Every structure is written in structure tokens, then in C-alpha cells.
Amino acid sequence: MEENIKKEIILTQEGYDKLEEELELLKTTKRKEVAERLKVAISFGDLSENAEYDEAKKEQAALEERIMKLENMVRIAVIIDEENVDLDIVTIGSIVKIYDKDFDEDVEYTIVGSAEADPYDFKISNESPVGKALLGRQKGEEVNVTVPDGITKLKILDITR
């Protein structure tokens, strides 16, 4: 019989707090809004041909699914103690300043768990090609990373938290 292995969710404190905040919003405000929409749709009568009712039920199902997912994430989350982030090597929680040789520019990324990744906020997953390549490396090291366009060369300029 196959064992059901739960993958841990690695988060910074900020990421964990955002999940908790979203969960609280969904469980209080959003649940009430959807319940109110259901109540209004039911008042239109004949549920068999009631598009408003069908939409509200779909929204309710999606909301409850998201709440369950967030509750599970919060339950299995492992919070990185950013005070103990090693500044000698790149780890989850590190802020890494790199020089991208292909684009001839310096970029600063925060290495986070996959649940918290947000490339638009320069937060990259420890599981992404760049994140994997940087983990365990030191300041001054050059790293070749296989990306969809080929291989990119990065140099680690600084590691902070």
C-alpha cells in the first residue's frame, strides 16, 4: 500500500502571516458574502433553472476548497527562523544579490519555499532552476543555470537576510 507522504511547506514568517490573514478573510468575510448571495439566489425560486444559484454554489465550492487548502498549508508549514539564516551560504530565507551575465545587470532575489514564491516580488522558489542552483553556494561563486532559453551565468555578489 502506498504511503501518503505530506510534503512540508517552507515559509518565512511573512509568508505564514499572509496565509493566516487570507484564511481568516475567507472564513469570515467571504463566507458571509457567498452565503448572502446564496440566500438571494434561493429567493428567486425554482432552483433547477436558477443561474444565480448555480454560480453562488460554484463560488461556495471554490471558496471551501481554498479554505481547506490554506488550512492544510498552515498545519504542515515549517517557518524559517530568519534570525538563524547562515550568511556564508545561500539557504531558504537568504536574500541573494547576483550579477546576471546574460542581461549584464545585478538582481536581488529572496529564496523562499515554493508556496511563497512570487517572481514579480523577486521571491524565487528553492525548487526553481535558479533557486536550486544558488542553494548552498557562497559569495563570489559563479553558477551556470539551465533555464528554458539555455544556460545562464550568474555570479553571487552578496548574501543577506
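A residue that is under 30 Å from D149 (Cβ atoms), among the aromatic types (F, W, Y) and open to solvent by 70 Å² or more (accessible area, probe 1.4 Å) occurs somewhere in segment 93-105. Taking segment 106-121 as the range and being surrounded by 12 or more Cβ atoms within 10 Å (Cβ to Cβ), closer than 25 Å to M73 by Cβ and not acidic (D, E) as the test, the residues that pass are Y109, T110, I111, V112, G113, S114, A115, A117. Quick check: is even one residue across segment 67-86 on the phi > 0 side of the Ramachandran plot and either at pLDDT 85 or above or of a type in the set (D, E, K, R) (or both)? Checked against the condition, which is being on the phi > 0 side of the Ramachandran plot and either at pLDDT 85 or above or of a type in the set (D, E, K, R) (or both), segment 67-86 yields no hits at all.
The values are calculated or read from the model by the stated rules, or taken from the named source; none is laboratory data. Computed from a predicted model, the values in this text were never measured in an experiment. Using ideal geometry, Cβ is built from the backbone for each residue, glycine included, and neighbour counts are taken over all protein chains shown. These area figures cover heavy atoms from the full protein model, side chains too; ligands, DNA and RNA do not enter into them. Shrake-Rupley method; radii C 1.70, N 1.55, O 1.52, S 1.80 Å.
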